[in-house]
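Working notes, beginning with the structure itself.
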């Protein structure tokens with residue numbers, strides 16, 4: 001078994017491009033690459049899936065407990081797999097000063113992953129050695145085994161940097177990526193552009209994979225990333241729910257507008273014996289038949305507002321079924337979709353479902369970003385769970401909507417999570433494995449609705 005983490009010294013060091021290249025090169029060798037992403041990001045896992053053909057798992061050490069992180073990691077890896085963990089921000093960047101939780105370094109230690117540090121070589125020589133030494137010395141428990149240098153100007157520049165770094169540090173410089181603007185990934189207000197929207201993405205990945213094979217010592221990388229076999233440390237908490245919830249049918253939109261879902265959240269439904277029925281709010285004319293509830297994740301409804309608004313039959317069908325009591329859980333973009341309209345940054349408005357008498361207004365500045373503690377009131381009970389917010393919009397209500405979330409972050413508290421009929425819609429993205437009781441409470445509402453119908 002092989003696995004390792006690719007971690008940058010900071011954001012914008014080219015970590016994603018290097019990761020795509022290495023994943024692609026290893027896959028081209030016929031190896032089965034299992035991708036993982038540190039933290040709550042949705043976009044990078046889409047890239048991982050495109051390159052490897054395998055679902056990417058988010059490993060978030062702030063939202064999830066240590067044993068849960070190990071479970072999600074261990075159950076994905078088989079003996080012949082190569083696990084590639086992509087870091088987040090800089091190696092040591094976590095949730096706050098007094099804690100390392102949420103950082104790439106903390107995750108690497110938790111799953112015993114060797115770290116390959118990605119640095120920016122532009123404009124450096126001997127200083128690169130000092131930079132690497134600082135990262136090695138900062139936390140000796142982090143197993144930094146190698147270095148990859150990005151944005152190198154020439155082969156001679158790389159050799160100079162390699163000599164300097166290895167002379168002062170007990171690490172192997174595994175290779176480099178030259179300055180290659182044509183393979184840089186595009187970005188917008190929520191980060192990198194999703195893979196479905198990128199022009200020529202396949203060509204970028206192919207170029208990056210060829211480059212990685214040529215300029216990075218992949219054989220050495222595989223040698224230093226050999227690890228003992230791993231097995232799950234405990235059973236999945238949702239497997240015991242099959243008897244109670246097996247057979248439920250949950251509709252889930254998955255298209256260009258809605259695609260922010262943690263892979264393990266979808267696995268939770270599967271393990272509980274629940275069928276996920278996929279549909280497209282852009283293309284399909286109505287909801288699938290026989291649904292017991294909806295799960296509308298996040299995405300970019302503001303980008304595809306015109307297409308969503310044009311599909312009036314779908315909007316009418318969803319609103320009618322929600323008015324009639326169909327349960328629905330919606331996050332961020334899903335919340336925006338359930339309002340009367342979305343107004344984009346240019347002031348253009350698009351009619352949406354209209355179930356919530358409110359409108360979503362895009363703003364020039366990021367409204368909320370980061371981890372949050374959520375106290376959710378669902379089905380007559382109070383449930384503590386952790387989540388993550390990242391949005392450029394505000395909700396302006398036109399009716400007295402009841403809220404079900406009390407959210408706190410670093411001493412600040414606010415309310416969110418609008419409820420109406422059997423609908424719960426809020427901004428936080430929730431990882432169901434953070435607290436299985438939240439997931440169970442949602443399924444109980446769906447089951448009760450099914451029994452009422454029947």
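Coordinate-derived values only; no laboratory data. None of the values given here were measured: they were computed from a predicted structure. When we count neighbours, we look across all protein chains shown, and the Cβ atoms used for this are built from the backbone with ideal geometry, even at glycine.
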Alpha-carbon centroid distance for the pair the range 68-91 / the range 31-53, whole angstrom = 10
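Using packing as a proxy for protection, rank 238-249, 414-425 so that the peptide with the highest average count of other Cβ atoms within 10 Å comes first.
The most tightly packed comes first, giving 414-425, 238-249.
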Alpha-carbon centroid distance for the pair the range 371-406 / the range 196-240, whole angstrom = 35
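Take each of the peptides 164-173, 437-446, average the number of other beta-carbon atoms within 10 Å over its residues, and list them starting from the highest.
437-446, 164-173
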Report the paramagnetic label zone for residue 406: residues of the range 366-380 whose backbone N is under 18 Å from a point 7 Å from Cα along the Cα-to-Cβ axis.
-> 372-380
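In Å³ and rounded to a whole number, note down the convex hull volume per residue for the Cα atoms of the range 288-406. Could you put the intermediate results ahead of the total?
Values: hull volume 13.7 nm³, N = 119.
Roughly 115 Å³ of hull volume per residue.
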Give, in nm to one decimal, the length gained when the segment between residue 168 and residue 276 is fully stretched (0.36 nm per residue of separation minus the Cα-Cα distance).
-> 33.5 nm
Once residue 413 and residue 351 are pulled to full extension, the length gained, defined as 0.36 nm per residue separation minus their Cα-Cα distance, is 19.2 nm
Burial-style ranking of 56-62, 400-406, 201-207, 390-396, average other-beta-carbon count within 10 Å with highest first, yields 56-62, 390-396, 201-207, 400-406
By how many degrees, 0 to 90 and rounded to 10, does the Cα axis of helix 201-215 deviate from the longest principal axis of the chain?
-> 20
Virtual spin-label span in nm between residue 244 and residue 138, 7 Å along Cα→Cβ | 4.3
State, as an integer percentage, the relative contact order of the chain based on alpha-carbon contacts under 8 Å between residues 6 or more apart.
-> 13
Rounded to the nearest whole Å³, what is the per residue volume of the convex hull around the Cα atoms of the range 355-442?
-> 98
May I ask you to derive the relative contact order of the range 2-224, considering only C-alpha pairs under 8 Å and at least 6 residues apart, and to give it as an integer percent?
-> 25
Evaluate the distance, in nm, between pseudo-label points positioned 7 Å from the Cα of residue 81 and of residue 223 along their respective Cα→Cβ axes.
-> 2.6
Computed [θ] at 222 nm, helices only, for the chain once each DSSP H run of length n ≥ 4 contributes -39500 (n - 2.57) | -9500 deg cm²/dmol
Tell me, in nm to one decimal, what length is gained between residue 323 and residue 421 on full extension, where the rule is 0.36 nm per residue of separation less the Cα-Cα distance?
-> 34.6 nm
Using a/c under 1.5 as the rounded threshold, could you call the range 242-453 rounded, prolate or oblate? The axes a ≥ b ≥ c are square roots of the C-alpha gyration tensor eigenvalues, and prolate needs a/b larger than b/c, oblate otherwise.
-> oblate
Percent relative contact order of the range 242-453, based on C-alpha pairs within less than 8 angstrom and at least six residues apart?
-> 19
Semi-axes of the range 2-224 from the Cα gyration tensor (sqrt of 5 times each eigenvalue, largest first, whole Å) come to 24, 22, 17
If one computes P(r) from the Cα atoms of the chain, what percent of pairs lie at distances over 44 Å?
-> 15
Angle in degrees between helix 312-323 and the longest Cα principal axis of the chain, rounded to the nearest 10 | 70
Rounded to the nearest Å, the spacing of the alpha-carbon centers of the range 424-444 and the range 259-323 is 17
Estimated FRET transfer efficiency when R0 is 22 angstrom, pair residue 1-residue 28 (beta carbons, to 0.05) = 0.65
